[in-house]
There are 4 protein chains.
Amino acid sequence: MSFTAKEKLTQISKRTDNKSIKEKNLYEAAYELFTTKGIYDTSIDDIVKKAGVAKGTFYLYFMNKYDIIDRIILKKASSIIEKAVKATEEKALSDYTDIVIYVIDYIIEYLRENKKLLKLIHKNLSWGLYRKALANPEEYKIMEYIRKYFIKVINENNMKAEELENNLFMIIELTGSVCYSSIILQEPANIDEMKPALFKMIKKMLAN
Amino acid sequence: MSFTAKEKLTQISKRTDNKSIKEKNLYEAAYELFTTKGIYDTSIDDIVKKAGVAKGTFYLYFMNKYDIIDRIILKKASSIIEKAVKATEEKALSDYTDIVIYVIDYIIEYLRENKKLLKLIHKNLSWGLYRKALANPEEYKIMEYIRKYFIKVINENNMKAEELENNLFMIIELTGSVCYSSIILQEPANIDEMKPALFKMIKKMLAN
Amino acid sequence: MSFTAKEKLTQISKRTDNKSIKEKNLYEAAYELFTTKGIYDTSIDDIVKKAGVAKGTFYLYFMNKYDIIDRIILKKASSIIEKAVKATEEKALSDYTDIVIYVIDYIIEYLRENKKLLKLIHKNLSWGLYRKALANPEEYKIMEYIRKYFIKVINENNMKAEELENNLFMIIELTGSVCYSSIILQEPANIDEMKPALFKMIKKMLAN
Amino acid sequence: MSFTAKEKLTQISKRTDNKSIKEKNLYEAAYELFTTKGIYDTSIDDIVKKAGVAKGTFYLYFMNKYDIIDRIILKKASSIIEKAVKATEEKALSDYTDIVIYVIDYIIEYLRENKKLLKLIHKNLSWGLYRKALANPEEYKIMEYIRKYFIKVINENNMKAEELENNLFMIIELTGSVCYSSIILQEPANIDEMKPALFKMIKKMLAN
DNA sequence: GATGAATGAGTCTTCATTCAT
DNA sequence: GATGAATGAAGACTCATTCAT
């Protein structure tokens, strides 16, 4: 039996698709379970059963439970940031503070609609993971892009690089904490009530 | 068989003491292990062995692993706050901002010396736990005291109660994040470098 | 409820017996399975099922599969040697060569009747295990006894200690190989045909 | 479609060559891994990865893991013996005992330089494997050659065939045990100290 | 109150083997 | 012949919890 070049291509892409399907199923099943039952209470067994693949198949694509967790969080986190940055670019805002506020607002609104993702990210997003992202060229592009983007905007302003980085860090941490607390726990108030306070604070932080 | 009031008292206090010894041993063993090996890698077996009691004894004093975790964190957290507040009171500071800064500085310095405790608290201190504290009369006292203390100080300032509570919440959350990140991970800078930025920010937050 | 001293003693010995029963069941089940199915094809699951205990109970008494293997082999090997030595002592033989031959003959006959044990021992008895025996006072007694026994007999003869130890080692190794090969594999001849050749060789070895 | 004799030959040799490359790679990878990591800890996956072939290819040339183990050991063992015999022939020794000693000494020195091979052979060389060799014409040649060689040498001596075979067997077994124990474990002494004792013993064994 | 032997469901992980391409 | 994704049974080991003493 022999195949034309076109047929062969179809075969390969089919094979690739099949591979992708199983891996994608695992990603989706794991995400669903992690956000529903929690990471701790989700076993590899649960994941493969939901994904409809054999247990061995899991270990074909992931080293262990923590590998898939990290990859999911990285994927989701960079996806949100990417969306936020793109949406902001479209707005073509000129003021530096406006840009930061717009990005943060976009992310807040996104997480408000994806409470489960917020829970997952909050408890597991760390600087260690961020370093992994930098080691991974695919994710790196976005991360690096953001870095450059902020630096560019910053340079137009007159602020020391270190000082700015620390402030940015504090803004991110504060935003994360407020999101988690107000969206998930409604504490000390819901997100709609917290937002003005948060934005006011961020503006203060950014004002020299 | 009957006892005099004095005998009864002796019995109870004896029982309480005996109970206290085993319970205290369990608390201390668990704290040592949680901060050393981490919560996940500490088993009940490890705890009872270190405490020198039988396995069944654990279940005499605690419902399960999570029960003891919560109680330890609550104990430690309120103990730190208590110390911080007392130290601040002794200073007899008059300025509202100075008081807040002093309390926070005290806590930061304490956690800098107790990195293991910082790790434990950061990953497990939540508002859910705070609600538990309110249900526990002993801890409640401290929490309530702190609340009143801050409110008193605040009332001297002209700020809306709600607004102030939200700001306070943000200050606490931000401080927690900065502590963890700079003390444990040295990211984005060590605590000595972060402190001025943090205090500057807190002052901005408190400034009307 | 209270117990007399006698009752308490009964309770303790009962508990001890129960413990012994489970452990003994595990030993016996494992021995039976190792000699029947082989070590490689016997799982912990097989052992606990045959022993009629829970899986966790296995790990109460043994670290892992290799722990129980070693302990069984050590137990059995020292038991055979003990029997052989005792039987030889009863004979009150005076000649040094006769004693060695008698001990070896006893062991050969014992292993001929316990082919399964022979298989197990042959493939797993090593000097590493011997060192373990020395670390274990219980087994040590027998091992040390044998050592002293041979040394005593030897001293009556005029031979250098090292030379003798090496020769003894070779006798033991040769005997082991011949036993395994002739009893289990009937190669190059059965044990009855091999024995005269072996004994002749041993006598040559012992003759100065 | 038909081929000339020459074409057919080319096809076969080509197929054989292709087959040989993959098969040889598998042999070499497996040998390297078995001697390095040990048989138990080497998986088919390890072998094919090291050999640079697909997993399925392994099953094209070998039935299973034990098949390749046996074939490797057989190959290596007969190769050593072949070398030893050839080296001895070149010496043109006349004395029967000298020949045996020379062969054994050659093998000992070879194994001393190839400790990993010694380990592999010792734990897995059995008479069962020897029977396989007889079924395999390729290996048979060498084995049969050796047999004839010894018988020839022996016939010049006056000894019963059976007796001699048994003695030879014992010499081989003893040599194997001493090699393994003294070269690998240095027990009860290193090979340089054991050699004189071993040779003395072999000479005794061969002396009628 | 205190003990600690016993439990067994639950979890991760491996790996020889198959088979559609 | 060659591939390598997929399989899933099999295995080792853990540990919170119970309960008879």
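Distance in nm between label sites at D:GLU113 and C:TYR61, each 7 Å beyond Cα in the beta-carbon direction?
Simple spin-label model gives 5.2 nm for this pair.
Just order D:192-198, A:166-172, B:49-55 by mean Cβ neighbour count inside 10 Å, highest at the front, would you?
The most tightly packed comes first, giving A:166-172, D:192-198, B:49-55.
Extending each Cα 7 Å along its Cβ direction at D:LYS203 and B:GLU193, get the distance between those two points in nm, one decimal.
7.9
What whole-number distance in Å separates the alpha-carbon centres of the range A:39-54 and the range C:18-52?
For the range A:39-54 versus the range C:18-52, the Cα centre distance is 33 Å.
Using the Cα gyration tensor of the range A:169-208, with a ≥ b ≥ c the square roots of its eigenvalues, what is the shape: rounded (a/c below 1.5), prolate (a/b larger than b/c) or oblate (neither)?
Oblate, because a/c is 1.5 or more while a/b does not exceed b/c.
Give me the one-decimal nm value for the distance between modelled label points at D:LYS24 and C:ASP41, 7 Å along each residue's Cα-to-Cβ direction.
That separation, rounded to one decimal, is 3.8 nm.
7 Å along Cα→Cβ for the label point: how many nanometres lie between D:TYR66 and each equivalent label in the other copies, listed shortest first?
Spelled out, the distances from D:TYR66's label point are 2.2, 3.9, 4.9 nm.
How many partner chain Cβ atoms sit within 10 Å of a residue's Cβ in peptide C:97-110, on average, as a whole number?
Mean shielding by partner chains, rounded to a whole number: 0.
Taken together, the values in this text are just the output of simple stated rules run on the coordinates, not laboratory data. Note that the structure is a prediction, hence the values are computed from the model and not measured. Cβ coordinates were reconstructed from backbone atoms using ideal geometry, including for glycine residues, and neighbour counts include every protein chain displayed.
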